[in-house]
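J.: Attaching a single structure in structure tokens format; questions to follow.
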Amino acid sequence: MTSLTAFFKNRTVQQLLVFTLCQNLLWWLVGSTSATGQPLTWRVKLSLGGYGIFLAAGYFLILRRHFQSHIGPILVVAAATLGLLAAPTDHLVQLFAVLLCIFLVLACIPQLQLQSIYGLVVFSFLAGCGVPVILFFLRNHYLATQFLLTLLPIMATYLAFFAQFYLPRPTDWRYTLIFPAILVIAILTISFSWKTIVAILLVVLHWALQRRLNVNYRLVVAGVTQLVVGYLLLR
């Protein structure tokens with residue numbers, strides 16, 4: 001009991017739990033923006049829930065350990081297994097579920113040079129689309145253009161909030177404005193309201209403060225801020 005208490009008192013574990021929760025809340029929030037179609041069975045919900053938990057926890061460790069984690073890739077492989085079980089007869093959904101898992105494992109191989117702007121773009125696309133697209137497709141058996149458009153700012157949040165983990169800090173600070181600017185443009189393409197204004201202010205605040213944050217807290221702060229921004233954009 002003492003060892004279990006000590007485990008949950010570990011700050012890395014606490015941050016992993018918060019980050020994992022934030023990522024899964026964001027994915028299911030995006031996936032629930034269109035509540036049409038048939039409801040998911042409990043088996044599918046449990047498989048997708050486990051998939052999201054292992055996936056988010058896996059890339060938390062991978063990013064926090066600068067792509068040198070040994071446990072992270074194992075969790076990602078476990079996520080891939082659950083992703084396959086979520087849709088045993090739909091091979092396209094299975095393929096989409098394992099794409100991010102494959103990418104994250106490959107990103108840990110330095111020779112492939114995926115710790116770069118190319119890797120960031122691929123990660124942002126796959127992480128922003130993954131679970132939401134799977135949820136929508138399993139409910140409706142098709143993908144609507146309007147739904148895909150709502151994913152653009154979500155993908156842009158990964159660019160803005162996770163660039164610091166894929167790219168070295170540039171010598172000129174003005175280069176760090178590129179991805180937050182892309183996110184702001186993506187936000188403004190959806191609508192303009194008090195919620196979008198608050199979301200943009202949060203993006204600017206995160207950009208201004210991230211360089212002053214302790215490196216050990218940057219990932220969890222990025223995850224929490226991303227969830228709040230996503231909520232403001234989708235509700």
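The values are calculated or read from the model by the stated rules, or taken from the named source; none is laboratory data. Source: prediction; values computed, not measured. Every residue, glycine as well, gets a Cβ built from its backbone with ideal geometry; the counts of neighbours run over all protein chains shown. Please note that ligands, DNA and RNA were not included when accessible areas were found on the heavy atoms of the full protein model with its side chains. Shrake-Rupley method; radii C 1.70, N 1.55, O 1.52, S 1.80 Å.
J.: Where does the Debye-calculated log10 I(q)/I(0) of the chain sit at q = 0.10 Å⁻¹, using only Cα point scatterers of equal weight, no solvent?
T.: The computed values of log10 I(q)/I(0) come out as -0.46.
J.: Continuing with the same structure: Output needed: percent of Cα pairs per 10 Å distance bin for the range 151-235, bins running from 0 to the one holding the longest distance.
T.: Spelled out per bin, shortest first, that is 17, 56, 24, 3.
J.: In percent, how large is the relative contact order of the chain, given Cα pairs closer than 8 Å and 6 or more residues apart? Please report the intermediate quantities before stating the final value.
T.: On the way: 260 pairs, mean separation 53.5, N = 235.
Relative contact order of the chain: 23 percent.
J.: Can you give the FRET efficiency to the nearest 0.05 for V13 and L167, using r as the Cβ-Cβ distance and R₀ = 22 Å?
T.: On the way: r = 27 Å, r/R0 = 1.23.
Efficiency, from the Cβ-Cβ distance: 0.20.
J.: Once you have the Cα-Cα distance between L46 and H91, take 0.36 nm times their residue separation minus that, and quote the gain in nm to one decimal. Intermediate results must be reported in sequence, preceding the final value.
T.: On the way: separation 45, 0.36 × 45 = 16.20 nm, distance 1.87 nm.
Full extension of this stretch gives 14.3 nm more.
J.: Given the protein chains as shown and a 1.4 Å probe, how many square angstrom of K195 are accessible, to the nearest 10?
T.: The accessible area of K195 comes to roughly 60 Å².
J.: What are the equivalent ellipsoid semi-axes of the range 70-155, built from the alpha-carbon gyration tensor (square roots of five times its eigenvalues), in whole angstrom, biggest first?
T.: Semi-axes (√(5λ), whole Å): 24, 18, 8.
J.: Rounded to the nearest 500, what is the chain's calculated 222 nm mean residue ellipticity when only DSSP H runs of at least 4 contribute -39500 (n - 2.57) each, over all residues?
T.: On the way: 10 runs with 178 residues, N = 235.
Rounded to the nearest 500, the figure is -25500 deg cm²/dmol.
J.: Pop the C-beta distance of N216 and S191 into the FRET formula with R0 = 41 Å and round what comes out to the nearest 0.05. Intermediate results must be reported in sequence, preceding the final value.
T.: Numbers: r = 36 Å, r/R0 = 0.88.
Efficiency for this residue pair is about 0.70.
J.: How much area per residue is accessible in the chain when the probe is 1.4 Å and only protein heavy atoms are counted (Å²)?
T.: Per-residue accessible area for the chain comes out at 52 Å².
J.: Ranked by accessible surface with a 1.4 Å probe, highest first, in what order do W173, W28, W207 come?
T.: If we order W173, W28, W207 from most to least accessible, we get W173, W28, W207.
J.: How many percent of the accessible area of the range 40-124 is carbon or sulfur, using a 1.4 Å probe?
T.: Values: 3110 of 4240 Å².
Answer for the range 40-124 is 73 percent, counting heavy atoms of protein chains only.
J.: Between R235 and Q146, what is the FRET efficiency for a Förster distance of 22 Å, r being their Cβ-Cβ separation, to the nearest 0.05? Walk me through the intermediate numbers first.
T.: Details: r = 17 Å, r/R0 = 0.75.
Here the calculated transfer efficiency is 0.85.
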